[in-house]
Amino acid sequence: MKVPKRLQPLLDDGLIESVESQLMSGKEAQVYVVRAGGELRCAKVFKEAKQRSFKQAVQYQEGRKDRNSRRSRAMAKKTRYGQKEQEQAWLNAEVDALYRLAEAGVRVPRPYGFVDGVLLMERIADAEGVVAPRLDDVVLEPDQARDYHAQVMREVVRMLCAGLVHGDLSEFNVLLDAHGPVIIDLPQAVDAAGNNSAAMLLRRDVDTMRAYFGRFAPELLASDYGREIWALYEAGELHPDSPLSGTFEEASQGVDVDELLAVIEDAREEEAERLAALVERDAGDA
Ligand SMILES: Nc1ncnc2c1ncn2[C@@H]1O[C@H](COP(=O)(O)OP(=O)(O)O)[C@@H](O)[C@H]1O
Ligand SMILES: [Mg+2]
């Protein structure tokens, strides 16, 4: 195929040998199949900032560590330098997430570097070597749906143990290779500890997966892995292999009514004493 402009520099530098085809375009990026290092890989090119949508929302940026204070200040001030840096930080976020998650044993495409705004990564393929389908492309038997759902929950737990919440997990961002689900599309991944929306995003991710797999195995619709996983994480008890029940009991932080009434009564008595003292003093003044 004709070489896309954005990939030409990589071709010139010999980082890729040829461009084979373009995969279905997603919301934020174009993904090409390229030949590199003697095998087929994927090259992800991010669309221009103005064509992108929600993922750059402030909600996702919060808590991202940026140790370069000049850069942080510039980003905050929205100078031209700041905007360029913001763009770069965004692009880097997916690369950082892929390296971190691959390291933590999460099933993600193996990253092969990030050059001129292009992310090179493993091409996920099915058993026949054909590019892997997305969950959205397949119809599942109930048993298969239950099995894949459990595997995706395990990946979500591993991601959280590595400090990240995907933030846009859906049937469009999970591929199926010969061994099961592979998680993709991570530029919006949020810092689990530093982002106030992390709990909400984790639950949304998990609930989206529940709704998808629940189409094929309806009993999954009654599960509540999202709150269970987050509660374990918050309690410092989440491990990559933590057993999960899929249920969640509201912690018994139930109010002790007798205790509460006693506190109110104490306050009332104190107030009555204060008033009585005032009345006495006024009477003394008169
Ligand atoms: N490593 C990969 N291997 C195979 N297909 C991929 C890979 N990465 C992306 N794709 C395909 O490209 C599509 C778009 O990629 P994605 O990372 O989801 O970007 P976005 O949805 O933001 O445009 C995916 O839905 C998937 O079909
Ligand atoms: Mg996507």
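Each value in this text was obtained by applying a stated rule to the coordinates, not by laboratory testing. For clarity, every value in this text was computed on a predicted model and none was experimentally measured. Cβ: placed from backbone, ideal geometry, glycine included. Neighbour counts: every protein chain shown.
What the table shows:
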read-out: Proximal aspartates and glutamates to Lys44, defined as alpha-carbon separation beneath 13 angstrom and excluding residues fewer than eight positions away on the same chain; value: Glu28, Glu94, Asp116, Glu122, Asp185
read-out: The range 128-286: relative contact order in percent, alpha carbon pairs under 8 Å with at least 6 residues between; value: 22 percent
read-out: 10 Å beta-carbon shell around Leu140, net charge (K/R +1, D/E -1); value: -1
read-out: For the range 183-286, projected area of the alpha-carbon convex hull averaged over all directions, nm²; value: 12.8 nm²
read-out: Listed residue (Val255, Leu220, Tyr233) projecting farthest to the positive dipole end of the range 215-271, Cβ model; value: Leu220
read-out: Cβ-based net charge around Ala211, under 14 Å, with every Lys or Arg adding one and every Asp or Glu removing one; value: -2
read-out: Residue order, fewest to most surrounding Cβ atoms within 10 angstrom, among His149, His166, His179; value: His179, His149, His166
read-out: Residue-span extension gain [Glu259 to Ala211] - 0.36 nm each, minus C-alpha spacing; value: 13.1 nm
read-out: R0 of 51 Å, Cβ-Cβ distance Arg268-Asn196: FRET efficiency to nearest 0.05; value: 0.85
read-out: Environment charge of Val157, counting only residues whose C-beta is closer than 12 Å and scoring Lys/Arg +1, Asp/Glu -1; value: -3
